Amino acid sequence: MSESIVSQQHVSYLKEESRFKGRLKNLYSWICTTDHKRIGLLYLFVITIFFIVGAIQGLLMKLELMAPGANIMGSESFSVLSTLHGIIMVFAVAIPGLTAVFGNFFLPIMLGTNNVAFPKLNLVSWYVYIIGIIFILLSQFGYYSGFDSGWTFNIPYGILINANILPVVIGIFLIGLSSIALGINFIVTVHRYRAQGMSWFKMPLFPWSLYAAAWIQLLATPVLVIALFMIFAESTMAIGMLDPMLGGDPTLYQHLFWIYARPAIYIMILPAMGIISEIIPTFSQKTIFSYRTTVVALLAIAFLGFFVWGQHMVTSGIGDRALSLFSFFALIITVPMIVVVLNWLGTMHKGSLNITTPFYWAVSFIFIFLIAGLTGLMFGSLATNVYVHRTQFEIAHFHYIVFGSVSFAFMGAIHYWFPKIFGRMYNKKWANIGFLVFFVGFNLLFLPMFMLGYQGLPGHFYDYPPGFQPGNLASSTGAIILILGALIIIINLIRNARFGRKCDDMNPWGGKTLEWTISTPPPSVNFDKLPVITNDPYDYN
Amino acid sequence: MKTNIYNVPGQDEHDVSKFGMWLFIFAELLLFGALFIVYTAYRSRNPAAFKLAGNELELTVGIISTIILLISSTTMAISVTAIQKNNKNLSLLTLGITILFAIAFLLYKYFEWGTRINEGFLPDTNTLHELGPGTILFFGLYFVMTGLHALHILIGLIFIIYIFFRIIKNRINSENYHLFENFGLFWHLVVLIWIFLFPLFYLIR
């Protein structure tokens, strides 16, 4: 008996014996698992699918914008498509993206424990998330016209049109619940299940970033739930809270929505910064430059993120005094961001750089992140914010921060941890080609949009005056190249997850965090004997 | 085979679940907190209409509801302590009282809402629309906020009944009362939220 337990513990989590019987026993062993690693892969599976769905929607819109006039769709389809693209990409892909996939997989391992605090709740979160997505997709079927108010709902327009708003609201509500549950799980895990000797300031930076993001998930999401609840009550019972005809004030809805949605951007960005803070020390073989300021900066971003929502309401008439205050916080929040970026550069300085695929992604992340941050300053200062508000400039900035930062960190993370997750290695040549194509495509797609927006082209429209065609043509070409790059990367990864060269090396990159001390791929029980931490993280001396 | 998958030395599973429950309570507080902000914003814009509409609600109804919930909170606390001290009968008795009071609260709410609806204060009806924006908002908020609270009471009631039967079957006992204790926290939270709803709707005149 005891012998079988020991051998059981060394079986890879991918090959663990199913406790179910019958033809579908392997499927059941995945969809009924409480192993955090398998749940992470379940999220990865769903998120990849919906990333492809959202990307195709984006590509269709860009194809429409290749030339002025209605080419492949008209105004109505374009609005519906852009709404669905926004909702799927924000709520189903970007917000859970890094936390649910890599957070689930690596948080317990990096803390030196065997699972998250509430494993069953973790699985329930995944199911609630799936049901939420199904509801969102349901909005596309049925009697009413497609839902085209944009992903922020643009109340009261969103409730005044006859569209299937209820399934969308219920779907996002469920995804929000799943997000709260995940946040609770991560906070408790970090507080209670750190390995012996791992004091707060010996915790690696990716867990720190997840911890900061988890607090935002926990504290901001309830406000979104109330905003959605008000939409629900307004469109079913006409309670008057959002309807100006009945005394309601849509600005109040905007406040509630952005009190959530602004910090939600940091739910996406913080784990991205955490991942880059893992990759850069490993590939520089050097301790992170100023660990403590990085930690404080990550926490400061999470905290300050709660005070900048007014940035999104400069044209909503909320008063100059309030706007100045929001502007102040929006400029202040760039300080901790710059601190983290400087620490990354300081880490690379005089390090022995291992220049390979994950490092490419990490360095290009810094490039993307800087463009996002510097154009973000234009939204921080009020005068320029009003000028570029709701133009293509805003869309480009939004995509640099949300799509750019998250996808570059995601790609960096998957190329960094791929051998650990699957026990195989991807084809490095194709991975580098994919990176190059993706990088060129991304910048060609979004850089011209800054110019277009600055020249005054508004966002969210299917048509434009002919003078704007060169920029749009470049942007659409970029979209095609970007999709090509994404396909190369995804095919390379999926193929090699199954058939790639076996990689039994416990630590292919020379990393110092705990996930590199267990076998590859990880056993179903991470640690036979729980580690005791004595060193600082990233101790390369 | 059940193994302790965490085996962090000195880690108390009970303490962990309680911590999770407290975090959930934070989320709940922010949920209602957002609604309190909505209430405050609309009240400050329509002070006269809110004052008039507030007079339509009966103070005694609010007071009795508050007393009912406060007693249920007390009996819940007694019940949790009793099970920890292995006094099953007292625990069942006090939990039974909690169930009765929770049902009483819901029934009372039902009749109160019925009266309001008969008086024509249901949202989206012509009588209410004639009364103007402030009154519409007041009763919109009244039904939404007390409704969301009543939903919490209802979910709580289902949980209490479940726990009641677990105690009868000795599944919850002086060794294993953590689920019950955590649920007790939830119940106190729901009562606490009512303590804020009560002055907002019944006391401010």
Exercise for the section: Determine one quarter of the surface area of the Cα convex hull of the stretch B:67-178, which equals its mean projected area, and express it in nm² to one decimal. Expected result: 7.7 nm²
Exercise for the section: Averaged over every viewing direction, what's the projected area of the C-alpha convex hull for the stretch A:249-396? Give it in nm², one decimal, please. Expected result: 9.0 nm²
Problem - Estimated inter-spin distance, B:Ile204 and B:Leu59, nm [label 7 Å along Cα→Cβ] - result: 1.7 nm
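Where in chain A lies the longest segment free of trypsin sites (Lys or Arg not before Pro) that are both loop residues by DSSP (not H, G, I, E, B) and have at most 12 other Cβ atoms within 10 Å?
Result for the longest clean stretch: A:24-349.
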Practice task
Would you mind getting the accessible area per residue of the stretch A:12-165, heavy atoms of the protein chains only, 1.4 Å probe, in Å²?
Solution key: 39 Å²
Practice task
Provide the solvent-accessible area of A:Cys32, counting protein heavy atoms only and rolling a 1.4 Å probe, rounded to the nearest 10 Å².
Solution key: 50 Å²
Practice task
Filter the trypsin sites (Lys or Arg not before Pro) in the stretch B:128-197 to those in DSSP coil with at most 14 other Cβ atoms within 10 Å of their Cβ, and list the result.
Solution key: B:Lys169, B:Arg171
Problem - Where A:Leu14, A:Leu445 fall by accessible area, highest first, once all protein chains stay in place (1.4 Å) - result: A:Leu14, A:Leu445
Exercise for the section: Give me the percent of Cα-Cα pairs in the stretch B:15-203 that sit more than 20 Å apart, rounded to a whole number. Expected result: 58 percent
Problem - Inter-label distance, nm, simple model (7 Å from Cα along the C-beta direction), B:Ile25/A:Thr315 - result: 4.5 nm
Exercise for the section: Please check which bits of the stretch A:479-499 a label hung off A:Val440 would reach, taking the label as a point 7 Å along Cα-to-C-beta and the cut-off as backbone N under 18 Å. Expected result: A:479-490
Practice task
May I ask you to give the percent of accessible area on chain B that is carbon plus sulfur, with a probe radius of 1.4 Å?
Solution key: 67 percent
Fill in the blank from the handout: Judged on accessible area alone, 1.4 Å probe, highest first, A:Ile318, A:Ile134 line up as A:Ile134, A:Ile318
Exercise for the section: Find the all-direction average of the projected area of the Cα convex hull for the protein assembly as shown, expressing the result in square nanometres with one decimal place. Expected result: 34.4 nm²
Handout entry: Accessible surface buried upon B-A contact (total; probe 1.4 Å; Å², nearest 100)
Key = 3300 Å²
Practice task
Quote the accessible area belonging to A:Trp361 in square angstrom, nearest 10, computed with a 1.4 Å probe and with ligands, DNA and RNA left uncounted.
Solution key: 0 Å²
Practice task
May I ask you to give the percent of accessible area on the stretch A:335-442 that is carbon plus sulfur, with a probe radius of 1.4 Å?
Solution key: 75 percent
Exercise for the section: Using R₀ = 30 Å, calculate the FRET efficiency as 1/(1 + (r/R₀)^6) where r is the Cβ-Cβ separation of A:Met73 and A:Thr236; round to 0.05. Expected result: 0.45
Exercise for the section: Please find the FRET efficiency linking A:Arg501 to A:Leu374, where r is the Cβ-Cβ separation and R0 is fixed at 56 Å, and quote it to the nearest 0.05. Expected result: 0.85
Problem - Solvent-accessible ranking of B:Tyr108, B:Tyr39, B:Tyr162, largest area first, probe 1.4 Å - result: B:Tyr162, B:Tyr108, B:Tyr39
Fill in the blank from the handout: Label model pair A:Phe461, B:Lys18: point-to-point distance (7 angstrom along the Cα→beta-carbon line) in nm is 6.1 nm
Practice task
Please tell me the relative contact order of chain A in percent, rounded to the nearest whole number, where contacts are Cα pairs under 8 Å and at least six residues apart.
Solution key: 19 percent
Completion exercise
Note to self: C-alpha centroids of the stretch A:23-75 and the stretch B:48-109 sit apart, in Å, by 48 Å
Problem - Residues in the stretch A:340-381 that a label on A:Thr293 would reach, taking backbone N under 15 Å of a point 7 Å out along Cα→Cβ - result: A:340-349
Fill in the blank from the handout: With only helices counted (DSSP H, runs n ≥ 4, each -39500 (n - 2.57)), the per-residue ellipticity at 222 nm for the protein assembly as shown, to the nearest 500, works out to -23000 deg cm²/dmol
Problem - Amide H partners (placed H, <5 Å) of A:Gln196, local residues excluded - result: A:Ile533
Fill in the blank from the handout: Between the alpha carbon centres of the stretch B:188-205 and the stretch A:428-454 the gap in Å comes to 55 Å
Completion exercise
Scoring the stretch B:15-203 by relative contact order with C-alpha pairs under 8 Å, at least six apart, yields a percentage of 34 percent
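The values are calculated or read from the model by the stated rules, or taken from the named source; none is laboratory data. Worth saying up front: this structure is predicted, and the values here are computed from it rather than measured. Counting neighbours? That spans all protein chains shown, and the Cβs are built from the backbone with ideal geometry, glycine included. Note: accessible area is taken over every heavy atom of the protein model, side chains too, but ligands, DNA and RNA are not part of it. Shrake-Rupley method; radii C 1.70, N 1.55, O 1.52, S 1.80 Å.
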